[in-house]
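The values are calculated or read from the model by the stated rules, or taken from the named source; none is laboratory data. Since this is a predicted model, take the numbers as computed values, not measurements. Here Cβ is always computed from backbone atoms with ideal geometry, including for glycine, and neighbour counts include all displayed protein chains. Ligands, DNA and RNA are stripped out before the accessible areas are found, and what is left, the full protein with its side chains, is counted by its heavy atoms. Shrake-Rupley method; radii C 1.70, N 1.55, O 1.52, S 1.80 Å.
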Amino acid sequence: DALTDSREPGGARDGRGKVGSGGMRRSVGVGFLGAGLVTQAIHLPALAGMPDQFHVVRVMDIDARLAERVADRCGASFSTDADSVFDDPDVEAVVVASPNALHASQVVAACAAGKRAVLCEKPLAESHGEADAISAAAHASGTHIMVGAMHAYDAGFAAAHRAWLEEGEEALFTQSSILLPHNDVFTDQAAEPASPTPPTPSNAGVSDAVMVRGGMLGLAIHNFPLIRMLNPVVGRVVSAEFVRPWGYMVVLTDGLHTLELLAYMGGAWASDWSLRAVSRTCDLRATFPPSFVTGGSSVVHLTTGDSSRTFQFDINGYQREWEVMYDVVVDGANPPASVDDVVADVVYALDIADQVDRVMAARS
């Protein structure tokens, strides 16, 4: 019989620490590096639902007018200098929502400034060297690092994965399928953008290999922490294709375990973001809401033998991530994913992206 699991979400990364509670309740000061649509349409709405736990202290963006408009909405100061966020003693938690190329250096700088926690949008790093630098900086400072790959904090998947682990199974076939319309379909409903939605960048003059690598580190990476839990060994990339107008098809295998990564974006169709894992006795099927939608967690169906269970909760991964952030900063709780975990996640993604580069280069 199908059962909707309604237990408390708990930590979303099984076996990777506990989310604690207790201690003095207070509001945590947050500083944003980047005032773009992710800040406006994902993080600020999430924080608006937690007014007693967080307040925005400072919003930084190189576009002064944009920074000021976004800061005004949440009663914060604004600046165009990242150091103003690092140097502000009232900022305990830093959100890195800047261009990808700045992520690693800004995470390292936040650690050096002694910030309690950093929530960095994906990807955490663009190279193995950057990943190593983040690991060293975070271990030296004791700063907690979290990544905006929200599915890693999805309570529906976490509950289903705990049940999967009880079966003692390993995934033999895993498929990540992402079918999404343009982001502005969601951002225009989730917020009133403080600046016009930027035009969709042209692919003209950009190689297929660069596009697929961008897909691995910009989109597939949302599911890589989950895939790594199900299938920790990176197999060999046997096929990698760019799909126009924008998408990818990538297949990996080690002879026993197979991973299929699919994506297609750009139209006006309904979204379908799913992850499926099949073992000898289990079939896990998860359907996730789009990033900009606060409509609850994924819906996960887990079939084991003759039984079937359904897992779903009323908060999404980003909301759960901010709950975890609060417990970490205020209560000193261990995060569900350690620094070593989040670095291993991005290394997993980089290993796949590097293989894609080699496979596509050999074919050109």
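Give the number of residues within segment 289-315 that are polar (S, T, N, Q) and open to solvent by less than 10 Å² (accessible area, probe 1.4 Å).
Step one: list which residues in segment 289-315 are polar (S, T, N, Q), which gives 291, 294, 297-298, 303-304, 307-308, 310, 312.
Subset that is open to solvent by less than 10 Å² (accessible area, probe 1.4 Å): 297-298.
Result for segment 289-315: 2.
Among residues belonging to segment 245-287 that are without any contact (Cβ under 8 Å) to a residue 24 or more places away in the chain and assigned to a strand (DSSP E or B), point out the one that is most open to solvent (accessible area, probe 1.4 Å). Before the answer, list the steps.
First, the residues of segment 245-287 that are without any contact (Cβ under 8 Å) to a residue 24 or more places away in the chain: 249, 251, 253-255, 283, 285, 287.
Still in the running and assigned to a strand (DSSP E or B): 249, 251, 253, 283, 285, 287.
Details: M249: 93, V251: 40, T253: 35, D283: 31, R285: 114, T287: 73 Å².
Filtering segment 245-287 for residues that are without any contact (Cβ under 8 Å) to a residue 24 or more places away in the chain and assigned to a strand (DSSP E or B), the one most open to solvent (accessible area, probe 1.4 Å) comes out as R285.
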Determine, yes or no, whether A48 is surrounded by 15 or more Cβ atoms within 10 Å (Cβ to Cβ) and not polar (S, T, N, Q). no
I'd like the residue in segment 123-142 that is of a type in the set (S, T, Y) and in contact (Cβ under 8 Å) with a residue 60 or more places away in the chain and, out of all such residues, is least open to solvent (accessible area, probe 1.4 Å). S135
From the list D1, D14, which residue is open to solvent by less than 30 Å² (accessible area, probe 1.4 Å), over 16 Å from D327 (Cα atoms) and modelled with pLDDT under 95? D14
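Among the residues of segment 151-175, what is the count of those that are in contact (Cβ under 8 Å) with a residue 60 or more places away in the chain and open to solvent by 10 Å² or more (accessible area, probe 1.4 Å)? Explain how you work it out, then say what you get.
Looking only at segment 151-175, we keep the residues that are in contact (Cβ under 8 Å) with a residue 60 or more places away in the chain, and these are 151-165, 167, 169-175.
Cutting the leftovers down to open to solvent by 10 Å² or more (accessible area, probe 1.4 Å) gives us 162, 165, 167, 169-170, 172-173, 175.
Number satisfying all stated conditions: 8.
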Going by what's in this entry, would A125 be described as modelled with pLDDT of 95 or more, out of contact with any Lys or Arg (no Cβ under 7 Å at 6 or more places or on another chain), closer than 30 Å to T303 by Cα and among the aliphatic types (A, V, I, L, M)? no
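In this structure, is A362 outside any loop (DSSP other than H, G, I, E, B), farther than 18 Å from A155 by Cβ, open to solvent by 20 Å² or more (accessible area, probe 1.4 Å) and at pLDDT below 95?
Values: outside any loop (DSSP other than H, G, I, E, B): yes; farther than 18 Å from A155 by Cβ: yes; open to solvent by 20 Å² or more (accessible area, probe 1.4 Å): yes; at pLDDT below 95: yes.
Yes; evaluated as a whole, the condition is true for this residue.
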Among (1) of a type outside the set (S, T, Y); (2) open to solvent by 10 Å² or more (accessible area, probe 1.4 Å); (3) part of a loop (DSSP other than H, G, I, E, B), where does P336 come up short? (2)
Only residues that are surrounded by 19 or more Cβ atoms within 10 Å (Cβ to Cβ) and at pLDDT 95 or above: list them for segment 176-208, please. S176, I178
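Considering only residues of segment 85-104 that are open to solvent by less than 30 Å² (accessible area, probe 1.4 Å) and not aliphatic (A, V, I, L, M), which is nearest to S141 (Cα to Cα)?
The first filter runs over segment 85-104 and keeps only residues open to solvent by less than 30 Å² (accessible area, probe 1.4 Å), leaving 85-86, 88, 91, 93-98, 103-104.
Next, only the ones that are not aliphatic (A, V, I, L, M) stay: 86, 88, 98, 103.
Values: F86: 14, D88: 17, S98: 22, H103: 17 Å.
So the residue we want is F86.
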All positions within segment 123-174 that are in a strand (DSSP E or B) and more than 21 Å from the chain's Cα centre (by Cα): F173
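Restricting the search to segment 288-324, which residues are part of a strand (DSSP E or B) and closer than 21 Å to A337 by Cβ?
Hits for segment 288-324 are F288, V300, F311.
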